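Only one structure is covered here, and it is reproduced in the block below.
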Amino acid sequence: MTERYPEIIKKIAELWRIVGNSPMLAIRYKYFGEERTIYAKSEQFNITGSIKDRMALYILQQAYLTGQIKPGDTIVEATSGNTGIAFAAIGRAIGHKVVIVMPDWMSKERVDIIRSLGAEIIPVTKEEGGFLGSIQRTEEIADKQPNIFLPRQFANLANAEAHQQTTGKEIWCQLAEQGIIPDAFVAGVGTGGTVMGVGQFLRGKVPGIKIHPLEPTESPTLSTGYQVGAHRIQGISDEFIPSLVKLDALNEIIDVSDGDAIILAQMLASRLGLAVGISSGANFLGAVKIQNELGGHANVVTTFSDSNKKYLSTDLMRTEPVRPNYLSTNIELLDFRIFNRTCQACNV
Ligand code: PMP
């Protein structure tokens, strides 16, 4: 492959020093008194504090390597937040103007962070089509204006590939170094890049591994195929099934209630000092549900996709009413260990 812009390609390679290789946490907890462990990749250590930095950096790297983007192009993406923050920061770091098209009901913190990174935001109302409307708007911009690069995170195979090449490989290596073989992986689905990419890598290593997508009970888009209702787990279940998601290549869909996810995220912060976002609470509960199926000793892995910082104005900071079917009521968080970020022993 010809490297047309070696300086930028070198800069991108350097940026991987602050994206990926996140710590793996082994969290000990009790469920109805039974002691168990769940493994979680702590993604708040990436440059902008979320798992989406991996995808943004990888997509831009691939775009430069294959000649789909050139210096001076404007990056235009539709996003519910973390992707916008990731492209704004990484786009600026390699010298691009960034335009983010997003539904106008996303948290104020997300909007302010994107603006602070010098990106322009185009808000889209529910009447203008909300999430789907945002994606359509990016295509219209690219049709009308020259020198636009559309990452198209919901359809771009490089999104899933980013997680296959980095997140999935890291999970395998960090666990292998401890002598642990994963039995299952679960992740809330936004674009589906995480669950599809990690799933593909881990299936290559452990053919029988269970790979579960997760969605909010209140808005079961994956199960029904369309938008059903509102929910509070920002970053997942965005009104439609992204084309990246191949449900027939995955195990059953796990559902978690948004209130339960909020309570569990609050518990991770207040009991263990792990200040994570709402989708991380949901992912932990998804892993608990899988252990309920496979047995308490099953090695179940998930991601903590971001920190609580972008949710300070949301229900995450309020007292959440407990409902009878919640799993969090029967969970006692005990402590956690931290595995090496990089693994020398593993040859993949
Ligand atoms: N959690 C949060 C907080 C996110 O922002 C996202 C990405 N939208 C996800 C989970 C889901 O990740 P993916 O897009 O890879 O499915």
Residue separation times 0.36 nm, minus the C-alpha to C-alpha distance between residue 248 and residue 317: what's the value?
21.1 nm
Within region 242-276, name every residue whose backbone N is under 13 Å away from a label modeled 7 Å from Cα of residue 292 along the Cβ vector.
254-257, 260-261
Going 7 Å from the Cα of residue 337 along its beta-carbon direction, which residues of region 160-192 have the amide nitrogen within less than 19 Å of the resulting point?
170-184
When every alpha-carbon pair in region 194-348 is counted, what percent end up more than 28 Å apart?
22
Where does the Debye-calculated log10 I(q)/I(0) of region 1-80 sit at q = 0.13, 0.18, 0.21, 0.27 Å⁻¹, using only Cα point scatterers of equal weight, no solvent?
-0.56, -0.83, -1.00, -1.25
Alpha carbon centroid spacing (whole Å) that separates region 14-52 from region 287-348
9
Go ahead and run the numbers for FRET between residue 14 and residue 139, Cβ-Cβ distance against an R0 of 51 Å, rounding to 0.05.
0.95
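Would you kindly calculate the translational diffusion coefficient of the chain, applying Stokes-Einstein with the Kirkwood radius from alpha carbon pairs, for 25 °C and a viscosity of 0.890 mPa s, and quote it in µm² s⁻¹ without decimals? The partial results should precede the final answer.
Numbers: Rh = 20.2 Å.
Translational D for this selection: 121 µm²/s.
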Amide H proximity to residue 41 below 5 Å, modelled H, separation 5+ or other chain, gives 25, 302, 303, 304
FRET efficiency, residue 30 to residue 104 (Cβ-Cβ, R0 56 Å, nearest 0.05)
0.85
Straight-line reach from residue 169: which lysines have a Cα under 25 Å away, not including same-chain ones fewer than 8 places off?
10, 11, 41, 52, 205, 210, 246, 289
At q = 0.12, 0.13, 0.16, 0.26 Å⁻¹, work out log10 I(q)/I(0) for region 266-348 with the Debye formula, treating every Cα as an identical point scatterer and leaving solvent out; two decimals please.
-0.44, -0.52, -0.76, -1.48
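Within region 1-83, list the trypsin sites (Lys or Arg not before Pro) lying in a DSSP loop whose Cβ has at most 10 other Cβ atoms in a 10 Å radius.
Working: sites: 4, 10, 11, 17, 28, 30, 36, 41, 52, 54; in loops: 4.
Those that pass, being in a loop and sparsely packed, number zero.
If the only charges are +1 at each Lys and Arg Cβ and -1 at each Asp and Glu Cβ, what is the size of the charge dipole of the chain around the Cα centre, to the nearest 20 debye? List each step's numbers first, then the result.
On the way: 34 positive and 37 negative charges, 178 e Å.
That gives a dipole near 860 debye.
Restricting to Cα pairs below 8 Å that are 6+ residues apart, what does the relative contact order work out to for the chain? Please round to a whole percent. Before the final figure, lay out each step's value.
Details: 734 pairs, mean separation 74.8, N = 348.
For the chain, the relative contact order is 21 percent.
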Exposed chymotrypsin sites (Phe, Trp or Tyr not before Pro) absent: longest stretch of the chain, with sites in DSSP loops and at most 16 other Cβ within 10 Å deemed exposed:
106-225
For the chain, take the longest principal axis of its alpha carbons; what is the angle in degrees between that and the long axis of helix 130-144, to the nearest 10 within 0 to 90?
20
A correct Karplus calculation of ³J(HN,Hα) over region 256-267, with 6.51 cos²θ - 1.76 cosθ + 1.60, θ = phi - 60°, whole Hz and x for Gly and Pro, returns 9, 6, 5, x, 5, 5, 4, 5, 5, 4, 5, 5
Roughly what % of DSSP beta bridges within the chain run antiparallel, to the nearest 5?
40
Between 0 and 90°, nearest 10: helix 193-205 axis offset from the chain longest Cα axis
60
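In region 115-147, which trypsin sites (Lys or Arg not before Pro) fall in coil by DSSP and have 14 or fewer other Cβ atoms within 10 Å? Let's see the in-between values first.
Values: sites: 115, 126, 137, 144; in loops: 126.
The qualifying sites are 126.
Loop only by DSSP, 10 or fewer other Cβ within 10 Å of the Cβ. Give me the GluC sites (Glu not before Pro) in region 56-146 that pass, ordered by residue number. Mind showing how you got there, number by number?
Details: sites: 77, 109, 120, 127, 128, 139, 140; in loops: 127, 128.
Answer by residue number: 127.
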Which ³J(HN,Hα) values, rounded to whole Hz and listed in residue order, are derived for region 7-20 from phi using the Karplus coefficients 6.51, -1.76 and 1.60 in 6.51 cos²θ - 1.76 cosθ + 1.60 with θ = phi - 60°, glycine and proline given as x?
5, 5, 4, 5, 5, 4, 4, 5, 4, 4, 5, 10, 10, x
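Laboratory data are not the source of any read-out in this text; all were calculated from the coordinates shown. Quick caveat: nothing in here was measured; it's all calculated off a predicted structure. Here the Cβ is made from the backbone with ideal geometry for all residues, glycine too, and neighbour counts use every protein chain on show.
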